[in-house]
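Take a look at the structure below.
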Amino acid sequence: MCSVNERVSGNECVACTVGKANPAGNDASGSDTTCQFDLGLRVQLRPGSRYDHETCQCADLTVEQTEELIDTIGTTHKYVLIGPFGDGRKYQYQYEDLETCTEASAYIAVTSGSCSGITSLALCSNAACKLGFADFTAVSDNRNGASNYPPYCYIDPLAPPSYLKFNDGTNTGTCSDDHKCACKAQ
């Protein structure tokens, strides 16, 4: 039998990920089980998930839906109700689309020098959204070692259709008024 905050995976008891919980008693000889988010926990949509374009705000996980809903292709899923978000609305999402909240204070906008990098396209979009950048759909800048562009996450006002760019760290330029960067707060 699995202990508190463990789930069954491949007939073994494994620890739940941070921010999730599971009661004791899952039988390891049975089918796989899942951990659930703690009600009241601050959550956000996981950057890179299929819903991350809807909001980057954090909300409280408030009510677990007890019914199982069937999606358009006939697959049954457990949904949770989270919110309200900053706009006062509540939404239903699957657990795998959520993660523990990263508050906006975890990021800063930099207009001179350099900063600690946001190291993925999804985190770049999330940081830009939380910082209130006009564009928060990051795309690769397709540059390698450009000296007039900063590394990682930045706005390029001359590059439509998306102005938010992500570089894998190879650029050597600095953040500026023209290339505002989204960075991790120290």
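Bear in mind that the values in this text are calculations on the coordinates, not laboratory data. If you're wondering where the values come from, they're calculated on a predicted model, not measured in any experiment. Ideal geometry is used to build each Cβ from the backbone, glycine not excepted, and the neighbour counts take in all protein chains shown.
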Each residue of region 110-122 in turn: what ³J(HN,Hα) in whole Hz from Karplus with 6.51, -1.76, 1.60 and θ = phi - 60°, glycine and Pro shown as x?
10, 10, 7, x, 10, 7, 5, x, 7, 9, 8, 4, 5
Assuming 0.36 nm per residue, please report the length gained on full extension of the stretch ASP60 to ASP168 beyond their Cα-Cα distance.
35.6 nm
Name the long-range amide H neighbours of CYS153: under 5 Å, sequence gap of 5 or more, or other chain; modelled H, no Pro or chain starts.
ILE118, ASN167, ALA182
So how do THR170, THR33 line up by other beta-carbon neighbours within 10 Å, fewest first?
THR170, THR33
Going by C-beta contacts inside 10 Å, put VAL8, VAL43, VAL14 in order with the fewest on the left.
VAL14, VAL8, VAL43
Quick shape check on region 104-184: root eigenvalues a ≥ b ≥ c of the Cα gyration tensor, a/c under 1.5 is rounded, otherwise prolate if a/b tops b/c, else oblate, and it reads rounded
Exposure-ranked with fewest Cβ neighbours within 10 Å first, CYS181, CYS175 stand as CYS175, CYS181
